[in-house]
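Engineer: Pasting a structure here, questions to come.
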């Protein structure tokens, strides 16, 4: 009941207190990180073994993995901003689940009660929205979080900024509330100033 009240009233401190604090999250995002996006074009690549060889594998939302050869098999961290069933979450079995959405009312109880749950501050979403002039994707919010983390290297897979659409839907770039050219520019600027980041085409 306390969770439902806190979620309904958007009591950020209470919800965040249910999980890991931000410094702990940033400390856990360490070593060589593979951040796997959901672009359809990744299914045409053979990065699976490379992804699974990373120290930490982070996937986004429902984490589609059509083939081990292209996507790998591990999920250490799930960056989540959409609904997911308890069964799907158990199948992925991430050690850490980050609720990235600013819509706290949509946070499921089975996510919040899971060991390794964390609620990154909503300020990150607001800052990116102001910089991009549009709602940031879960992927770019995660990239921004990794830029402040203990990661020694971050390789981005499955990020083509909607050139091939998403594996999890049929909408076009014009049907979603994101600025993909702006996000591409954001990532390119980050790579130019932070040598830890690499984008795999």
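The values are calculated or read from the model by the stated rules, or taken from the named source; none is laboratory data. Here the structure is a predicted model, which is why all the values come from computation and not from measurement. Because the Cβ atoms are built from the backbone with ideal geometry, glycine has one as well, and the counts that use them run over all protein chains shown.
Engineer: Scan segment 115-128 residue by residue and report those that are buried (at least 19 other Cβ atoms within 10 Å of the Cβ) and assigned to a loop (DSSP other than H, G, I, E, B).
Structural biologist: Across segment 115-128, the qualifying residues are 119, 120.
Engineer: So, one more: So for segment 171-186 (the condition being touching a strand residue (DSSP E or B) at 6+ places or on another chain (Cβ under 8 Å) and either in contact (Cβ under 8 Å) with a residue 12 or more places away in the chain or over 24 Å from residue 126 (Cβ atoms) (or both)), does at least one residue qualify?
Structural biologist: The answer is no; no qualifying residue exists.
Engineer: Being closer than 17 Å to residue 189 by Cα, in a loop (DSSP other than H, G, I, E, B) and either touching a residue at least 60 places away in the same chain (Cβ under 8 Å) or in contact with a strand residue (DSSP E or B) (Cβ under 7 Å, 6 or more places away or on another chain) (or both) is the filter here, so list the residues in segment 129-153 that pass it.
Structural biologist: 148
Engineer: From the list 55, 93, which one is loosely packed, with under 15 Cβ neighbours inside 10 Å, farther than 23 Å from residue 187 by Cα and modelled with pLDDT of 95 or more?
Structural biologist: 93
Engineer: Could you please find all residues in segment 1-18 being closer than 16 Å to residue 116 by Cα, outside any helix (DSSP H, G or I) and touching a helix residue (DSSP H, G or I) at 6+ places or on another chain (Cβ under 6 Å)?
Structural biologist: 18
Engineer: Let me ask another. Can you tell me which residue in segment 60-69 is surrounded by the fewest Cβ atoms within 10 Å (Cβ to Cβ), limited to those that are in contact with a strand residue (DSSP E or B) (Cβ under 9 Å, 6 or more places away or on another chain) and farther than 10 Å from residue 138 by Cβ?
Structural biologist: 64
Engineer: Quick check: anything in segment 156-164 touching a strand residue (DSSP E or B) at 6+ places or on another chain (Cβ under 6 Å) and at positive phi?
Structural biologist: There is at least one residue in segment 156-164 that is touching a strand residue (DSSP E or B) at 6+ places or on another chain (Cβ under 6 Å) and at positive phi.
Engineer: What's the total number of residues in segment 19-53 that are more than 27 Å from residue 123 (Cβ to Cβ), out of contact with any strand residue (DSSP E or B) (no Cβ under 9 Å at 6 or more places or on another chain), in a helix (DSSP H, G or I) and free of Cβ contacts under 8 Å to residues at least 40 places away in the same chain?
Structural biologist: Residues flagged as more than 27 Å from residue 123 (Cβ to Cβ), out of contact with any strand residue (DSSP E or B) (no Cβ under 9 Å at 6 or more places or on another chain), in a helix (DSSP H, G or I) and free of Cβ contacts under 8 Å to residues at least 40 places away in the same chain within segment 19-53 amount to 3.
Engineer: When only residues in segment 170-201 that are out of contact with any helix residue (DSSP H, G or I) (no Cβ under 9 Å at 6 or more places or on another chain) and not in a helix (DSSP H, G or I) count, which is surrounded by the most Cβ atoms within 10 Å (Cβ to Cβ)?
Structural biologist: 176
Engineer: What do you reckon, is residue 146 surrounded by 13 or more Cβ atoms within 10 Å (Cβ to Cβ) and at pLDDT 95 or above?
Structural biologist: Working: surrounded by 13 or more Cβ atoms within 10 Å (Cβ to Cβ): yes; at pLDDT 95 or above: yes.
Judged against the criteria, residue 146 is a match.
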